[in-house]
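One structure is given below, encoded as structure tokens.
The values are calculated or read from the model by the stated rules, or taken from the named source; none is laboratory data. From a predicted model like this one, the values you see are computed outputs, not experimental measurements. Cβ placement follows ideal geometry from the backbone for every residue including glycine, while neighbour counts extend to all protein chains displayed. In case anyone asks, the SASA skips ligands and DNA or RNA and just uses the protein heavy atoms, side chains included. Shrake-Rupley method; radii C 1.70, N 1.55, O 1.52, S 1.80 Å.
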Amino acid sequence: MVRRTKEDAQETRNRILDIAVEVFYRQGVAQTSLSDIAREAGVTRGAIYWHFANKVDLFDAMLDRLICPLKINSSEREAQLAVDPLGFVLSATAEFIGKMTDDTGFRRVFEIFWHKCEYVGEMANLRDSHLEEGKNHIDIIEHALVLAQEKGQIDRTLTPHQATIGLIALIDGLLFNWTKNPELFPLNDYAPRIIDVWLAGLGVRNRPVLAASV
């Protein structure tokens, strides 16, 4: 009975988060109240407050549910990096872009974060904490590109940090603009070609990893 109660509570929490994504996406975060989410989820406000202290806490939990391709077990990640560091970066990139195109719920959370939220007060503090998590991802990519240079997979035209910032800017720019206006360009067609050119600039030739994965 206790186990079933815990399972029911988790199901309710997940349903609230699923509905929050839909309502935030439709109305924007500032224009959405917890009552709006409770009504659409078919629960009471009390049920919302049982799981989340306030709207900021709920928004934070929504972001925490995202599974980033770089968030794998550190020992497993290091094993991959030891064999093929550039392949690790490209595989994670392809998986991330693939999730953006194929997983509506995953994509909508980013659309909310980028386009449908005003970052002031507590929301600004929350954004900063997630930007710090983004810094951890940058560190992982930079470490991989250091190893890629050591293995001769990429040249030394750019430092690993410069190459990392270039890749992040490229991916973020593609996804930010595509989610803002999907009719601007076909992501599945453009992303592999553009990133292949970036790879060529790093001295990589004949490695169409993204073209096969995205």
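The value of relative contact order for segment 38-160, using C-alpha pairs under 8 Å at least six residues apart, is 28 percent. Would you work out if segment 121-191 is rounded, prolate or oblate? Take a ≥ b ≥ c from the square roots of the eigenvalues of the alpha-carbon gyration tensor; rounded if a/c is under 1.5, else prolate when a/b is larger than b/c, oblate otherwise. Oblate shape, in that a/c is at least 1.5 and b/c is the bigger or equal ratio. Relative contact order, whole percent, for the chain stands at 22, derived from Cα pairs under 8 Å and 6 or more residues apart. Note that segment 112-214 presents 56 Å² accessible area per residue, ligands and nucleic acids not counted, probe 1.4 Å. Taking each residue as 0.36 nm, the span from V83 to I194 lengthens on full extension beyond its C-alpha to C-alpha distance by 37.4 nm.
Placing R0 at 41 angstrom, the Cβ-Cβ distance between W50 and T104 gives a FRET efficiency of 0.90 after rounding to 0.05.
Estimated at 0.36 nm per residue, the fully extended path between D8 and R39 surpasses their Cα-Cα distance by 9.3 nm.
Relative to the longest principal axis of the Cα atoms of the chain, the long axis of helix 160-180 makes an angle of roughly 50 degrees.
Just checking the listed ones, S33, S129, S75: in the Gaussian network model of the chain with Cα springs under 10 Å, the one fluctuating most is S75. Helix 85-102 versus the longest principal axis of the chain: what angle, 0 to 90°, nearest 10, using Cα atoms? In the chain, helix 85-102 runs at an angle near 40 degrees to the longest axis. Calculated translational diffusion coefficient of segment 1-110 (10 °C, 1.306 mPa s; Stokes-Einstein with Kirkwood radius over alpha-carbon pairs) equals 99 µm²/s.
FRET efficiency for the F185 to Y119 pair, using the beta carbon distance and R₀ = 22 Å, is estimated at 0.25. On a per residue basis, segment 1-111 carries 52 Å² of accessible surface, using protein heavy atoms and a 1.4 Å probe. Only helices enter the 222 nm calculation for the chain: every DSSP H run of n ≥ 4 contributes -39,500 (n - 2.57), and dividing by all residues gives -24500 deg cm²/dmol, rounded to 500. Of the listed values [x] 57, 36, 31; [y] 43, 42, 38; [z] 58, 42, 33, identify the label whose number matches Cα extents along the principal axes in Å calculated from this model. Entry [z].
Compared with the dominant principal axis of the Cα atoms in the chain, helix 104-115 is inclined by about 90°.
Shown for the chain: the carbon plus sulfur share of the solvent-accessible area, taken with all protein chains present and a 1.4 angstrom probe, equals 52%.
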